[in-house]
Structure formats: C-alpha cells, structure tokens
Amino acid sequence: MTHVGRGLPGVPPPDVPQDGSLDGSKDGSLDGPKDGQPVPGLPLIASDLDRTLIYSAAALGLDVPDGEAPRLLCVEVYEGRPLSYMTETAARLLAEIRARDRGEDGGQSEGNGESGSGCVFVPVTTRTRAQYERVRLPGGRARYAVCANGGHLLVDGEPDPEWHEHVRRGLADCAPLDEVRVHLRAVSAGGDWVLRQRVADELFAYLVVDRERLPQTWVKELAAWAEPRGWTVSLQGRKIYAVPGSLTKSAAVAEVARRTGATPTLAAGDSLLDADMLLAADGGWFPGHGELADGGWSAPHLTALAERGVAAGERIVREMHGTTTGPRPGR
C-alpha cells in the first residue's frame, strides 16, 4: 500500500507503479523466479544508515553530562580514523536482530525466552558501494543491502547486474547526469562554502559544503531548478544531494521483499531521500532530527520519535528489536 505523507511539499511518491510492479509488467516483478511466498509475521526491516542507524561525531547530539553519556561502538573507520558510531546498547540489540535474520538464535529472543519470529534486515543507504563497505554493522554482512539510493542491490555483497540494468533504463525519464553536474558546478562556482563536488557511481551528484557558510536559499533554488528536470534535492548534514527522481530506495526494498517473500515491510529514515521508502512501508519510524522532522513531515502509519542524535538511533533499533519478537506495528 502506498501511504501519503504530510509536510515537505514535493516529496515524491514511491517509484512503484499502482499495479505493484517494478517494470510495468503484470506479474509485478523482474524476470526470474521469486525466492519465496509471503510469510505473515516475518517482517522485512529496511533501515537508512547515516543519522538513522549510525552517527558521525558531529551528529551524535550528546546533550547529557559527560559522565552520563552512553558508551559508543565505532562501526566505521576512514583513512585510519574512527568515523561513525552506535551506542553499545544499539549495537547489542542489532546483533540480536541480525542473529534472527540468519536464524542463529534457535528461535529464542536472548534474555527473555520468548519465541522469536525472525526478520529480513536490509541496510538501505545513499552511500556508494565503496562507502557502504566501510561500515561494519554488528552481526556481519547482510544478505541484501541497497546502495546509491537504490542504484545498486547487493546480494551477498555483490551487485545484482539485472537490477542495475533495470535502474539504468529508468534514468531515461530524467535529465542526464551531465546536465545536472554542469549546473551544480556553475551555480556553486566561487562559493567559499563548497568543499568538494562528487559524482556517485555515475548515478547522481552531491556537494560537500560548509553548512555555516551555505547561503540560506541556495538549496531551495537548486530544488526548484531540479524538480522540472525529474531530479530531487536533499540536504543531509554537510552534503547536498541531487538524485534522479526515478532512483528510489522504495523500489529496491520492494524488490527484496519480492525475492524473500517477507511481509510486512517496516522502515526507518531521517531525510527527504527516505520519504518514498517510509511511505511505501507498512510501518516504521523517523527520528526527531533531520529533514523530515525539521520540515514537519508526518504520515499516519509512521511513528515520529522525540529522540535526536544517537539516542534516536538506539530507540529505532529497540523498536526494530521488538518487531522480531512481539506484535508487529499496525498501519
């Protein structure tokens, strides 16, 4: 079911046709067999990474006395330096979720003896494959992962070429990447707030910026230019993303659900680029920080959390953990 969110005008609907298919075919699938039939009670849990599940030092949002701050676990190192963290409690709970994902806990929820229902856990990120592979989540590599905002579907760590070709065909409906890249370079030229300009896997572009120097209306002006060309603009931390509207997390998550037969789908995310995935899900959560919360966005089937920063990440994992053992959230 496709839900409708409120707030943030211009949030695109999920890139899934109304007949439920990914490619317009009547059977609603890409070519090839489906891995399993839907199994009620076995949820697919799709989670964004940065500022939802994991946090940089700048995004931790520790607003308690130092002596009361949670213990942290580093889950990403870049160029020899720690980069991203979870609380140790969130890491432990996620490891338990992942054990159920792999069926390694014997059907038992650790510590309370309750019967576990299992799940399919899917990391979903706008990061490139190389950036995603730096992240070492508790529980090891997920069987399915989504990178490049839906541009890559990893299966056992390897890109699925059939999915990537499906994505490439969909990009024909949007302005070409080169046009967007040239425009970004032109409208940001001479700005002392631009630190770097990058292209991600030849799918979309982004800028790394100094937020304090970023002109107040620049992102809105870029979004107004991009929208009629079929592109979406999102500001996340120090990065401004320009992404084709057809490149969505929701479509890739729907493909994982098709292959695994898992249902319902539950999702978590914090940004405009997570909105389509959240709206397409049967339930889920978004933190008290980020584009969605700051813009007053809401949807009736989602839970808006009060927690911010890494505390929100821990709360989201707690909620996910509960769905693998207890009653699942309703719509």
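The values are calculated or read from the model by the stated rules, or taken from the named source; none is laboratory data. Everything numeric in this text was worked out from a predicted model, so none of it was measured. For neighbour counting, all protein chains shown are included, and Cβ atoms are generated from backbone atoms with ideal geometry for every residue, glycine included. Calculation scope for accessible area: heavy atoms of the full protein, side chains included, ligands and nucleic acids excluded. Shrake-Rupley method; radii C 1.70, N 1.55, O 1.52, S 1.80 Å.
Details
- ARG238 being under 18 Å from LEU94 (Cβ atoms), of a type in the set (D, E, K, R) and either at pLDDT below 95 or surrounded by fewer than 17 Cβ atoms within 10 Å (Cβ to Cβ) (or both): no
- In the range 248-265, of all residues being surrounded by fewer than 24 Cβ atoms within 10 Å (Cβ to Cβ) and not β-branched (Val, Ile, Thr), the one that is farthest from ARG169 (Cα to Cα) corresponds to PRO264.
- Residue in the range 236-254 that is without any contact (Cβ under 8 Å) to a residue 60 or more places away in the chain and touching a Pro at 6+ places or on another chain (Cβ under 8 Å) present: no
- Pairs with Cβ under 7 Å, 6+ apart, first in the range 286-315 and farther than 13 Å from GLY269 by Cα and touching a residue at least 24 places away in the same chain (Cβ under 8 Å), second of a type in the set (D, E, K, R) and open to solvent by less than 40 Å² (accessible area, probe 1.4 Å): HIS301/ASP282
Okay, residues lined up against (1) more than 22 Å from ALA223 (Cβ to Cβ); (2) of a type outside the set (A, V, I, L, M):
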position: PRO123; (1), (2): yes, yes
position: TYR144; (1), (2): yes, yes
position: VAL155; (1), (2): yes, no
position: GLU179; (1), (2): no, yes
position: ALA189; (1), (2): no, no
position: LEU195; (1), (2): no, no
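- Yes/no for THR263 being of a type in the set (Val, Ile, Thr) and at pLDDT below 95: yes
- Unmet requirement for GLU314, which otherwise passes all of (1) open to solvent by 30 Å² or more (accessible area, probe 1.4 Å); (2) out of contact with any strand residue (DSSP E or B) (no Cβ under 6 Å at 6 or more places or on another chain): (2)
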